[in-house]
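**Student:** This is the structure, below, for whatever I ask next.
No value in this document is a laboratory result; all are computed from the given coordinates. Computed from a prediction, not measured in an experiment: that's the story for all the values here. Counting neighbours? That spans all protein chains shown, and the Cβs are built from the backbone with ideal geometry, glycine included.
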Amino acid sequence: MNFSEDQILAMAPDDSSKKSGKELANPSKWTKREISERALWGECHGSGKLPYQTQVDMANVAFKCSCPSRKFPCKHGLGLLLLFARDKKLFASATEPDWVTGWLDKRGEQEERKTERKEKEKTRTVDPAAQAKRQENRLKRVEEGRIEMRLWIKDIIRNGLLNIPGKDISYFDTMAKRMVDAQASGLASMIRSLRGINYFQEGWQTSFLDQLLRIYLVLEGFPQMSTLSQELQDELMTLVGFAQNQEELKSQTGIRDDWFVLSKRVEEDDNLTTERNWLYGRKSKRYALILQFYVNGQIPEVNLIPGASVDASLVFFKGAAALRALVKEQYGMQSETAVEGLNSWKEISSYAGHIHASNPWVNRIPVIVENVVPVKANNEWLLKDELGDGVLIHHSFQSIWKLMAISGGRPVRLFAVGKENNFEPLGAWVDNQYKVLA
Amino acid sequence: MKLWEDIVNKATLGSAKLPLKSVDVPENIAEEYELIDSKDPEDDFLRFASLIFQYRQAGSLPLNFQSVTQTQAKPEIKSYCSAKANGVLKTILEEELIPFLKMWLQLCSSRDACVAPELIPELFDVALRKRELETLILDVSGNRGAWLCHLNSEWNFNSPTVDSNELWETGDREDRRKLLRALRTTNPADALELLKTTWASEGANEKVTFLEMLRINLSSEDLAWLEDLKEKGQKVNATILELIKSIPQSTIVRAYADVLRKAINIRKGKALLGMINKTSLEVSDDLLIPESVFKSGIDKLSSDKNISDNQSILAQLIMAVPPTLWNDHLQLSTEDVIRLFQKEKQTAFYLPALAIASVKFGDKVWIKSMLDFADASVIRDSIVSLINGLSGNEKDINAQKFFKEMPKEITQIMLYQEEEWSFELAKLVVKYVSSDIYSYNRGFYRQAAPLIPVSILDAMDMFAQSDEQKAYWKNQSDELTRLLNIKQQILQSFNA
C-alpha cells in the first residue's frame, strides 16, 4: 500500500513523535528492513542492548514495537513506515520471522476471541422483567427532566435572547447537569453546545435559536414517538441519550465498500481525545462519520488515514439519514482512490433538502462537489460553481490561502461539511491528488 | 430569508416585549401553521419558529454569484519540484529551520523549479519575517505565487506598480532603506542620484544610515559628491570622512600615500664584508606631515610609551592606504614587500598595519599573501579578519591552517560562510565544539548544519568525549545527525 509522508505523519500522536519519526526514517538507523505481503518490519538500535523490533501490519495498518514508549504509534513505527514510503527498494522481500508471524497471528486470534466473546454476550440471558423495569424508571426520570427543560426554554423565549451573552457559564451548566441527573446525557450535551456558541460573532442569534429549536424539537417529539417512523424514533432516542449497543450494531450486516478517508479531525479535551473521521463509500456513494474516543495512552480501534482508501465493512447507527457508523471489519487498503461528487450547489441543495426532510436535527452535511472556485466578494469568501451559484465559506475556516493556492482560480473538486449556505472545506483534489485542508 | 429574520428579531426581544405571531407564512406551510394554537405564547412561538427553521433548512437554495468573477493564475512555465523535495520543505517549515530553508530555496531556484502551490502561503508568511529570503521565495513560487501576491495585500512584495522615485519620496523608513540598498547593489550611480534628490531634507540619523549603505559598491564615482558635502552633524561628518578614507583616489588617501612614500624607502647596502648586496627598508625620522592629515583623524601623539609618535603616525597612515601602494612605490611583488617589511624589527612593526589595510581595502591578493608570508605571531590580532576577508576554498584552507591557534574565533566567522565547509574543516570544528558542549547548544548546530558536509555522519564516532561529557554530547550529536539527515534529504531531492 502506498502512503504519502503526510498520511503517515497524520497518524503521529504528537509533534515530537513526528519529529523523531522523521529522524528515524533513515536507512542507517535500521539494521534490518524487510517486507512480506502482510507486513513490514525492521530492527532499530536504540538505547538498549538489543535492537528494537518494529513491525507494521500493512493490511489493517497497525503497529507494534518492542521499545518501551507508551506513545502509539511510536517513533520507530512511524520512522519505518516513512522510510518505506520514501524508498521501497530499501526493503527486502523476506519470510516473516517468528516475532512478526506471532504478532500477526495473535492479532487474528484476538479478533476471533473478540467475536466469540460477543457471541457469548449475545447468548447471555437477561432478565426481561428487570430490564423493562430499569427502562421504565429511566423513561420516568427523562420525562421529569424533559418537563423542566421545556420550562427553561420557554423562559428564555419569554425574556428574549438579548441577555444570553451576559449569562454566566453556570446558566447552561446547571441545566446540563440536571439532564445528566435525568439520565438524558444527549440533551445535556445539546445544552452544552449552547454554551460553546461564539457570542461575539455577528449572527450568533441564529446559531443559538437553531440549536434551541433542535432541543425543542427533541422535547416535543419524544412523548409522541409512537406516531413517528422507526428511524426517527431511533434518532430521538439517541438524541435524548439512549446509547445504541455497539456490539449489537456490529452483529448486523455491514456495507462493504472502498471507503475513502476524507478527513480526520482530532480534538483533545482534558484527558479525552475525540477523533472525527469522514469517509465516503466509492461504490455505495454514502458518507460515514466514524467517531473514536480514547483517553491518553489508549490506542484507537482503527487507524484511518486521510487520502487513503480502505476496504472495510461499515455498520451505521440506527436513525434517520444516519451518518455515524462503526468499522465492523477491515479487509485491507485499496490503491484506487478516485471519487466523484455532485455537480453543482443546486444538486447539493436538493440532496441536503432530502436529508433535512427526513431528519431535522442534522447539523452538518458532508458533500463532495465538483468544479467549484474559491473567490472573495464583499469581504466574504465563497465557493462558486460552474452555474454561478455558490455558498459562503465558514468564518472559522483557517486555510483559505492554502485553498486559493491549490486552486489558482481554477475549479477544483472539494470536500466540505456544512449546511444551507455555509460550508467548511476540509479537502480538495488537485490532479486527482487529495489535499487535506483542515 | 425575511421570515426567519423576523423570528430572530422577535426572539431577541422576547415574548414579554413583542407578540411573537407572524402572518407572512409561505403558502406551502400554511396548513401546518394553522395547527399552531396552544394558547401558550411561548409554545406557539417555539412551534412556529421550529416550522420555519425546518422549512428554511430543508428548502435552502444556493446564493447567486453570477456576477462574481475570479482571475486565474497563469500556468507554470517551470516544472514543479518532486514530492520528496516538497516533503522535506514541509519539515523545514514546521521546524523553522531557516538556514536549511535558504539552502532549499537556492537549490530549487537553481533547478528552475517551483514549489507545490499549497506550500506557498506558508513560504510567504516566512518572507514577511525574513525579508532576505523574499526574492528566492518569490522565484520558487512561480506564477501561482505572483497571482496570490495580487490577491493578498499583505503579500504585495516588491510591487512593480510602485515607481521607485515615488517610493523614495513617500515610502516609510523601512521601504526607503530597502529601496536604496537594492538600488545600490544593482545600480550604484542611480542610488546616489536618488539619495541626492532628498539629501538636504533628511534627518541626521537617516543620513548616517544612507551613508552606510553607500559602502555597497563604493567607488571613485561617489567621491566628488562626498567631498563636497558640508554637514553640521558630527556623526554625519564622521561617516562621510570614513567613506572618503575608504576610496583610494580621495584627496586624503593620496595625501597619506605621499607622506608614506617619503617616509619609507628601499635602502641598498652591502653585507658580509661587501660580498653580498643587502636590501632593507629605511624609515625616515624627519616626517613632513601636512596639518590636513592630522585634521583628518590621524593622531599626532602615541598612546603607548613603547611606540614613538612617528611610529604611531606611520602605522595609522599605513592602515589607511591601499596596500598596493607598496607594490607601486617599491616596485616589488606583494610577497617581496611583506618579506622586506619583516626583515628588520623596526619595519616588522608595521606588518599588523599592513594586515589591517589589506582587510580594509578588501585586497584578496594581499590578504592571502599576509597569511602565507607574514609571521603569524606578529599579525596574530589580524588573522581572523584576514581569513574573513577571503572567500571559498582559500578561506577554508586558511581557517584550517590557523584553527588550532584560535578555534573559537574561526568557528564564529565560519558560521557566516555561504559555501559548505570542507570535510577537514568540519571535522576540526565539530571536534572543537563537541569538547565545549556548554557553549555550543542546539541553536549553534541548527545554524552550522547547512555548512557541514553530510559525509561527517560517518565520522561521528570520533567525536566521543570523556565519559563525563559523553551523555551531553550524545544529545548534541543526535541533533546534528538529525539535521544532517534533513540536509541529505534536501540534496537528494534535488539530485545535488
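**Student:** Mind checking the dipole of the protein assembly as shown: about its Cα centre, +1 per Lys or Arg Cβ, -1 per Asp or Glu Cβ, Debye to the nearest 20?
**Tutor:** With Lys and Arg at +1 and Asp and Glu at -1, about 1680 debye.
**Student:** Can you spot the lysines whose alpha carbon is less than 19 Å from A:Lys140's alpha carbon? Ignore those fewer than 8 places along the same chain.
**Tutor:** Hits, sequence-local ones excluded: A:Lys177.
**Student:** Let me ask another. Give the Kirkwood hydrodynamic radius (Å, one decimal) of the protein assembly as shown, defined as one over the mean of 1/r across all pairs of different Cα atoms.
**Tutor:** Its Kirkwood hydrodynamic radius stands at 34.8 Å.
**Student:** With contacts defined as alpha carbon pairs under 8 Å and 6 or more residues apart, what's the relative contact order of the range A:1-104 in percent?
**Tutor:** 33 percent
**Student:** Tell me whether the range B:395-496 comes out rounded, prolate or oblate; compute the Cα gyration tensor, take square roots of the eigenvalues as a ≥ b ≥ c, and use a/c under 1.5 as the rounded threshold.
**Tutor:** The shape class here is oblate.
**Student:** Return, for the Cα atoms of the range A:358-438, the radius of gyration and Dmax in Å, separated by a comma.
**Tutor:** When restricted to Cα atoms, the range A:358-438 yields Rg and Dmax of 12.2, 38 Å.
**Student:** Hey, what did chain A get for relative contact order, percent, Cα under 8 Å, at least 6 apart?
**Tutor:** Values: 703 pairs, mean separation 44.7, N = 438.
This gives 10 percent for chain A.
**Student:** Figure the gain on full extension for B:Arg380 and B:Glu335 (residue separation times 0.36 nm, minus the Cα-Cα span) and round it to one decimal in nm. Please report the intermediate quantities before stating the final value.
**Tutor:** Working: separation 45, 0.36 × 45 = 16.20 nm, distance 1.81 nm.
My answer for the length gained is 14.4 nm.
**Student:** To continue, here is another question. With N set to the residue count of the range B:312-430, report its C-alpha Rg divided by 2.2 N^0.38 Å to two decimal places.
**Tutor:** 1.07
**Student:** Mind checking the alpha-carbon convex hull of the range B:1-127 and giving the volume per residue in Å³?
**Tutor:** Numbers: hull volume 29.0 nm³, N = 127.
It comes to 229 Å³ per residue, whole-number rounded.
**Student:** What is the spin-label model distance, in nm, from B:Trp199 to B:Arg129 if the labels are put 7 Å beyond Cα along the C-beta direction?
**Tutor:** 4.0 nm
**Student:** Summarise the long-distance tail of P(r) for the range A:1-109 by giving the % of C-alpha pairs beyond 20 Å.
**Tutor:** Working: 1851 of 5886 pairs.
Summing the P(r) of the range A:1-109 above 20 Å gives 31 percent of all pairs.
**Student:** Right, here's the next one. For chain B, find the longest principal axis of its Cα atoms and tell me its angle to the long axis of helix B:120-129, 0 to 90°, nearest 10.
**Tutor:** 50 degrees
**Student:** Scan around A:Gly427 for amide H atoms under 5 Å from its own, H built in the peptide plane at 1.01 Å from N, and keep only partners 5 or more places away or cross-chain.
**Tutor:** A:Phe415, A:Leu437
**Student:** Past the 26 angstrom mark, what percentage of all C-alpha to C-alpha distances in the range B:129-281 do you count?
**Tutor:** In whole percent, the long-distance tail amounts to 48.
**Student:** Quote the charge dipole size of chain B about the Cα centre in Debye, to the nearest 20; the model charges only the Cβ of Lys and Arg (+1) and of Asp and Glu (-1).
**Tutor:** Dipole magnitude for chain B comes out near 2200 debye.
**Student:** A:Leu151 to A:Asn2: extension gain in nm, 0.36 nm per residue of separation minus the Cα-Cα distance?
**Tutor:** Computed gain between A:Leu151 and A:Asn2 is 48.0 nm.
**Student:** Let me ask another. Ignoring everything except DSSP H segments at least 4 long, calculate the 222 nm mean residue ellipticity for chain B; use -39,500 (n - 2.57) per segment, divide by total residues, nearest 500.
**Tutor:** Rounded to the nearest 500, it is -17500 deg cm²/dmol.
**Student:** Gain in length, B:Gln72 to B:Arg215, computed as 0.36 nm per residue apart minus the alpha-carbon separation, to one decimal in nm?
**Tutor:** Here the answer is 47.2 nm.
**Student:** What is the mean projected area of the alpha carbon convex hull for the range A:229-281, to one decimal in square nanometres?
**Tutor:** 5.6 nm²
**Student:** Suppose a student asked you for the relative contact order of chain B, using Cα pairs under 8 Å spaced at least 6 residues apart; what percent would you report?
**Tutor:** Over chain B, the number comes to 9 percent.
**Student:** Can you give the convex hull volume of the alpha carbon atoms of chain A per residue, in Å³? All intermediate terms of the calculation are to be shown ahead of the outcome.
**Tutor:** Numbers: hull volume 77.3 nm³, N = 438.
Spelled out: Cα convex hull of chain A, divided by residues, is 177 Å³.
**Student:** Long-range amide H contacts for A:Arg324: which residues qualify at under 5 Å (H placed 1.01 Å from N, peptide plane, sequence gap of 5 or more or a different chain)?
**Tutor:** Amide H neighbours of A:Arg324: A:Leu289, A:Phe317.
**Student:** Something else: Given R₀ = 35 Å, FRET efficiency for A:Lys88-A:Asn296 by Cβ-Cβ distance, to 0.05?
**Tutor:** 0.55
**Student:** Next question. Find the Rg to Rh ratio for the range A:216-375, where Rh is the Kirkwood radius over alpha-carbon pairs and Rg uses the same atoms.
**Tutor:** 0.98
**Student:** Between A:Glu248 and B:Asn28, with labels modelled 7 Å along Cα→Cβ, what's the label distance in nm to one decimal, could you check?
**Tutor:** 3.8 nm
**Student:** I need the per residue convex hull volume for chain B, using only the alpha carbons, in cubic angstrom as a whole number.
**Tutor:** So the per-residue Cα hull volume is 311 Å³.
**Student:** If packing is taken as the mean number of other Cβ atoms within 10 Å per residue, what is the order of B:361-370, B:468-477, A:342-351, highest first?
**Tutor:** Ranked by mean Cβ neighbours within 10 Å, highest first: B:361-370, A:342-351, B:468-477.
**Student:** Which of A:Thr238, A:Thr274, A:Thr206 moves the most in a Gaussian network model of chain A with Cα springs under 10 Å?
**Tutor:** With Cα springs under 10 Å in chain A, the top fluctuation among A:Thr238, A:Thr274, A:Thr206 is at A:Thr206.
**Student:** Calculate how large, on average over all directions, the projected area of the Cα convex hull of the range B:380-455 is; give the answer in nm² to one decimal.
**Tutor:** For the range B:380-455, the mean projected area of the Cα convex hull comes to 4.7 nm².
**Student:** Given the DSSP H assignment, sum -39500 (n - 2.57) over each helix run of at least 4 residues in chain A and divide by its residue total; what's the result at 222 nm in deg cm²/dmol, nearest 500?
**Tutor:** -12000 deg cm²/dmol
**Student:** Which percent of the Cα-Cα distances in the range A:155-194 go past 16 Å?
**Tutor:** Summing the P(r) tail past 16 Å for the range A:155-194 gives 38 percent.
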